[in-house]
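Engineer: The structure under discussion is supplied below as structure tokens; questions concerning it will follow.
Each reported figure results from applying straightforward, stated rules to the coordinates on display, with no laboratory input. Keep in mind the model is a prediction, meaning the values are calculated, not measured. Heads up, the Cβs are rebuilt from the backbone with ideal geometry, glycines too, and the neighbour counts pull from every protein chain shown.
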Amino acid sequence: MIKTHFKLILIPILLFSLMACDQQPTADAVQTNYSKKMWSFISEMPKVELHIHLEGTMYPETVSILANRNGFDYFKTVKEVQQSLDSRPPGLFGFLQHHEKQVSVLQTQEDFYTVVYDFLKNCKDNNIVYVEFFFDPQIHTSRGIAFNDVLDGILAGREAGEKDFGVKSELIMSINREKTVESAFKMLKDAEPYKNQILGLGLDNGPEEGNPPAKFEAVYALAKNQGYYLTAHNDVDEKDTVEHIWQSINILHLDRLDHSLNAMEDFDLLREINRRGLCLTGSPVQRTTDPEPQEIERIRFLLQHNICVSLHSDDPGEFASGYLSQLLFNFQQSGKFTKRDMVLLMLNAYEAAWLPINEKKMYIDEFKTWAETQGVNIGEHYFNKHKL
Ligand code: HPA
Ligand code: ZN
């Protein structure tokens with residue numbers, strides 16, 4: 001009697017489990033599993049970040065903490081900051097509208113210290129092993145904050161962050177292009193005592209129209225003479241951007257090009273970029289209102305045409321794309337890029353880094369070895385011949 005009962009229960013269970021074994025996993029389950037593995041691959045990838053603005057690393061939480069700490073009557077709540085981010089118009093103009101307001105909450109040396117320290121912690125969490133970051137002195141000095149306060153706060157935060165999180169970082173001091181040439185010269189002068197601590201010079205903010213790279217020819221010539229590496233922003237789809245990229249190369253003699261993705265519209269320009277071994281820092285950022293990361297197809301095109309293009313988070317606190325792991329993952333998923341594509345894009349970032357040659361080679365060898373453990377074998381990288 002007991003035995004019969006047992007059989008009655010056991011047989012349906014057996015049948016059910018046999019059927020289950022026979023069943024293929026659903027397409028959704030396969031996709032979820034694939035995405036999980038891709039997330040591990042991307043988040044564990046040892047990364048280089050070359051295009052990130054210190055002032056844009058502040059999350060709404062940090063902005064509102066600093067706004068309260070410094071007695072501002074705006075951005076007192078995270079919700080207010082988020083609303084401002086969500087309602088900004090698209091493009092550089094809308095970005096700067098919010099950005100300049102958010103930057104104003106930074107007031108003291110301690111504020112700069114805190115932001116750099118938090119930023120380096122986030123770098124560690126994203127497996128970023130080396131970062132070159134922009135900071136914009138004029139945006140602060142024009143509000144009455146002393147150049148030395150900005151620099152001393154940043155350098156102290158950087159030292160503490162490197163010690164606590166082991167992330168190596170370098171500084172790129174950026175000119176605000178809408179300000180005068182005299183003001184840019186003054187910034188270079190102010191930076192003289194800190195020269196050994198600042199690796200590069202950049203150009204950002206806006207508008208770009210009326211403030212082309214050529215405006216700063218003399219400043220860049222002096223900076224080159226003083227030993228700075230040189231880069232400049234040419235934001236995507238800004239007026240005359242292709243002409244501005246030509247100016248960046250021929251007049252400013254840049255070592256790297258920020259954004260500059262419209263170069264794909266001019267094959268002579270692309271050839272010149274490759275001939276000079278220049279790299280482009282792309283930023284496929286995504287706002288909460290964007291259906292997918294920006295610039296996917298332009299970056300795909302450049303990658304397919306052997307241009308040294310890499311991916312960066314630009315202003316992770318001000319975009320839903322966030323820091324590098326999340327940004328790379330969103331980009332990969334939306335554009336259906338392969339693991340090999342993602343490795344090549346990151347290899348380009350290593351190539352584009354302003355590291356001493358031996359150190360760069362060591363980082364690249366380590367990165368390639370890591371990629372091999374993930375089943376991606378790159379061998380000779382096409383760009384090595386220019387850079388190493
Ligand atoms: N473009 C111009 N200025 C900026 C940017 C940018 O992407 N981010 C911070 N300042
Ligand atoms: Zn930028």
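Engineer: How about LYS76: which aspartates and glutamates have a C-alpha closer than 12 Å to its C-alpha, ignoring those fewer than 8 places off in the same chain?
Structural biologist: GLU61
Engineer: For LYS121 and GLN97 in one chain, what is 0.36 nm times their gap in residues minus the Cα-Cα distance, to one decimal in nm?
Structural biologist: The span from LYS121 to GLN97 would gain 5.9 nm if fully extended.
Engineer: Using amide H atoms built in the peptide plane, which far-off residues or other-chain residues are under 5 Å from GLU178 H to H?
Structural biologist: GLY206
Engineer: Taking R0 as 30 Å, what FRET efficiency do you get between ARG276 and LYS195 from their Cβ-Cβ distance, rounded to the nearest 0.05?
Structural biologist: 0.70
Engineer: Please turn the phi angles of region 144-158 into ³J(HN,Hα) values with the Karplus equation 6.51 cos²θ - 1.76 cosθ + 1.60 (θ = phi - 60°), one per residue in order, whole Hz, x for glycine and proline.
Structural biologist: x, 8, 5, 3, 5, 5, 4, 5, 5, x, 4, 5, 5, x, 5
Engineer: Any idea what angle helix 27-44 forms with the longest principal axis of the chain, computed on alpha-carbon atoms, 0 to 90 degrees, nearest 10?
Structural biologist: Once rounded, the angle reads 40 degrees.
Engineer: While we're looking at this one, here's another question. Straight distance only, please: which lysines reach the Cα of LYS215 with their own Cα at less than 30 Å, same-chain residues fewer than 8 apart left out?
Structural biologist: Result set, ordered by chain and number: LYS101, LYS179, LYS186, LYS189, LYS195, LYS224, LYS239, LYS387.
Engineer: When ranked by the protection proxy of mean other Cβ atoms within 10 Å per residue, highest first, what sequence do the peptides 302-315, 192-205 form?
Structural biologist: Sorting 302-315, 192-205 by mean packing, highest first, produces 302-315, 192-205.
Engineer: Can you sort SER334, SER248 so the residue with the fewest Cβ neighbours within 10 Å comes first?
Structural biologist: SER334, SER248
Engineer: Where nothing but the Cβ of Lys and Arg (+1) and of Asp and Glu (-1) is charged, how large is the charge dipole of the chain around its Cα centre, in debye to the nearest 20?
Structural biologist: Value, rounded to 20: 1260 debye.
Engineer: As a check on your grasp of the helix formula, calculate [θ] at 222 nm for the chain: sum -39500 (n - 2.57) over DSSP H runs of n ≥ 4, divide by the residue count, round to the nearest 500.
Structural biologist: Roughly -16500 deg cm²/dmol at 222 nm, from the helical runs in the chain.
Engineer: Still on this structure, I have one more. For the chain, count the residues as N, evaluate 2.2 N^0.38 Å, and divide the Cα radius of gyration by that value, please.
Structural biologist: Output field value: 1.13.
Engineer: Going by average Cβ neighbours within 10 Å, how do the peptides 35-45, 273-283 rank, with the highest at the top?
Structural biologist: By packing density, highest mean first, the sequence is 273-283, 35-45.
Engineer: Between region 71-96 and region 291-326, what is the separation of their alpha carbon centroids in Å?
Structural biologist: 22
Engineer: Order these peptides, 224-235, 80-91, by their mean beta-carbon neighbour count within 10 angstrom, highest first.
Structural biologist: Answer by packing, highest mean first, reads 224-235, 80-91.
Engineer: Give the long-range amide H neighbours of CYS279: residues separated by 5 or more places, or on another chain, with amide H under 5 Å away, using H modelled in the peptide plane at 1.01 Å from N.
Structural biologist: LEU257
Engineer: Within region 82-126, find all residues whose amide N lies under 20 Å from a label point positioned 7 Å from the Cα of ASP164 along Cα-to-beta-carbon.
Structural biologist: Residues 106-126 fall inside that zone.
Engineer: Return the sequence-ordered ³J(HN,Hα) values of region 171-184 in whole Hz as given by the Karplus equation 6.51 cos²θ - 1.76 cosθ + 1.60 applied to θ = phi - 60°, using x for Gly and Pro.
Structural biologist: 10, 10, 8, 10, 7, 8, 5, 7, 8, 6, 5, 4, 5, 5
Engineer: What nm value, rounded to one decimal, do you get for the distance between ALA146 and ALA214 when each label is placed 7 Å out toward the C-beta?
Structural biologist: In this crude label model, ALA146 to ALA214 measures out at 4.1 nm.
Engineer: Through the Karplus equation 6.51 cos²θ - 1.76 cosθ + 1.60, θ set to phi - 60°, convert the phi angles of region 328-341 into ³J(HN,Hα) values in whole Hz; use x for Gly and Pro.
Structural biologist: Running phi through 6.51 cos²θ - 1.76 cosθ + 1.60 with θ = phi - 60° gives 5, 5, 4, 4, 4, 5, 5, x, 6, 7, 7, 4, 4, 4 Hz.
Engineer: What distance in nm separates the two pseudo spin-label positions at SER334 and ASN306, each 7 Å out from Cα along the beta-carbon direction?
Structural biologist: Using points 7 Å along Cα→Cβ, the separation is 2.9 nm.
Engineer: Quick one: if the Förster radius is 35 Å, what FRET efficiency do SER43 and ASN250 give, using the C-beta to C-beta distance and rounding to 0.05?
Structural biologist: Calculated transfer efficiency: 0.30.
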